[in-house]
Each structure stands twice: as C-alpha cells, then as structure tokens.
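The structure under discussion appears below in the form of structure tokens.
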Amino acid sequence: MKTLRSVIFIVAGLLIAITYNSCKKGPEDPFFSIWSRKHRVVGDWNTSSYLVDGADSLRQVLLAVDQLGACGEELDSVVWTYQYKFTFDKDGGVRLTATILKDTIVNIVNNTQACPDAFSRDSTTQIFAYKWNFTGGIGDLKNKEQIIIYDPNTQATTIYTLIELREKEIKMEAQTIDPLTNLVHLRQYTLSKI
C-alpha cells in the first residue's frame, strides 16, 4: 500500500510540473489555470490601460488655455479620450473598435446663469478587422508566449509579448518603430474582459 501511495504522489507531482510548464508562459501568468491559453484570449476586451513609453495614452489634453472671455476669466480645453475594444474569435479573427471622444470644455471661473460653463462632445469610431495567432517557441521564448496581430490589407504585423494572461485580464506589450521618426516605442496594454 505504501508503494502504491508513493507512485501516486510521484505521478501527481509530474502531472503538476507538466501542467505548470504548459500554463505559465508570461512572467505574471497564474500558477495554474483550467482554461487553455486560446480560451483565455478569445472574447471581448476593453483597454483599461494603454501606455506609450510609460505615458498614459488613453486621455490626451490637446489644448488648455487660460484666457479672458466675454464672461471673464475662463479655462478652455480640448480633451480626447480613446476607447479601444478588442474582440478575439477562436478562428483567428480579431476586430478592433477604436472610438475617440472629443470634448471641448469652457470652464468659466465666476460662472453664473447668464454665463454658464460649456461642454460639447463629438466622437468618431473606426472598426478594423485583423487576424491573430500565437507564435511558436522561438529561441528563449516559449510556445504561445506571444500573439501576432496581422492586418491583411496593409500586411502590417505586430508581435505582442504576453506579460499576463488570465481569464479576466490580459497584459501585453509591443515594441514598435515610428515610421516618421524611426524611434522605438514601448506600447503596454492592459485589457479587461467585458
């Protein structure tokens, strides 16, 4: 009976070690997941954080001017807020919905009913259709440690390293080269499942 118990513990230990190596690819991945990596990627995701070289790129203040207007001192500003929604399907398609909320704000310092603050919003939405897949293990990289997103129209390809892949959250990053300046930028995304 002791021998059988020892064999069961050894086999269980080997199964845990094999499962650990197949589940944990990224540095912040969970120790164990019952879901495959593909299952964890497939679905609808909102971008909750998007950093370019460490700076927040979901909200940009394009204009902030303190000036004297018809009702006295006012702060005029234009703020653009970006919303990105990714939809990964199991057949390798990915749809990116990019919405820009364009807010114009006039904040009057001594506002009254005759001179109230003003706010207006315009928005634009674009939808892009891409293809996605995992990379195979290349060099020191593990199999399915990266995602390739490919634009069939422009043939542009971006490779994202998966930092964390959980059922409800994805953290990924990519180094891209700006075609106008030839500068390398680090783009970091945190996606939250909808």
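The values are calculated or read from the model by the stated rules, or taken from the named source; none is laboratory data. What you are looking at is a predicted structure, and each value in this text was computed from that prediction instead of being measured. For neighbour counting, all protein chains shown are included, and Cβ atoms are generated from backbone atoms with ideal geometry for every residue, glycine included.
Scanning the range 33-85 for residues that are touching a strand residue (DSSP E or B) at 6+ places or on another chain (Cβ under 8 Å), part of a loop (DSSP other than H, G, I, E, B) and not charged (D, E, K, R) yields 42, 54, 57, 58, 71.
Among the numbered conditions (1) surrounded by 12 or more Cβ atoms within 10 Å (Cβ to Cβ); (2) at pLDDT 95 or above, the only one that residue 107 does not meet is (2). Residues in the range 151-186 that are in contact (Cβ under 8 Å) with a residue 40 or more places away in the chain and over 17 Å from residue 96 (Cβ atoms): 10 in all. Mind listing whichever residues of the range 144-171 are loosely packed, with under 13 Cβ neighbours inside 10 Å and in contact with a strand residue (DSSP E or B) (Cβ under 7 Å, 6 or more places away or on another chain)? Those that are loosely packed, with under 13 Cβ neighbours inside 10 Å and in contact with a strand residue (DSSP E or B) (Cβ under 7 Å, 6 or more places away or on another chain): 152, 157, 168.
For the range 110-143: of the residues being more than 24 Å from residue 38 (Cβ to Cβ) and surrounded by 12 or more Cβ atoms within 10 Å (Cβ to Cβ), which is nearest to the chain's Cα centre (by Cα)? Among those that are more than 24 Å from residue 38 (Cβ to Cβ) and surrounded by 12 or more Cβ atoms within 10 Å (Cβ to Cβ), it is 123. Is it the case that some residue within the range 162-180 is over 16 Å from the mean Cα position of the chain (by Cα), more than 25 Å from residue 80 (Cα to Cα) and either of a type in the set (Asp, Glu) or assigned to a loop (DSSP other than H, G, I, E, B) (or both)? Scanning the range 162-180 turns up no residue that is over 16 Å from the mean Cα position of the chain (by Cα), more than 25 Å from residue 80 (Cα to Cα) and either of a type in the set (Asp, Glu) or assigned to a loop (DSSP other than H, G, I, E, B) (or both). Residues considered: 128, 119. Of these, the only one that is within 30 Å of residue 67 (Cβ to Cβ) and among the aromatic types (Phe, Trp, Tyr) is 119. Screening residue 51 on (1) surrounded by 13 or more Cβ atoms within 10 Å (Cβ to Cβ); (2) modelled with pLDDT under 95 shows it passes everything except condition (2). For first residues located in the range 120-144 and under 21 Å from residue 170 (Cα atoms), partners that are exposed (fewer than 11 other Cβ atoms within 10 Å of the Cβ) and lie 6+ apart or on another chain with Cβ distances below 7 Å form the pairs 131/152.
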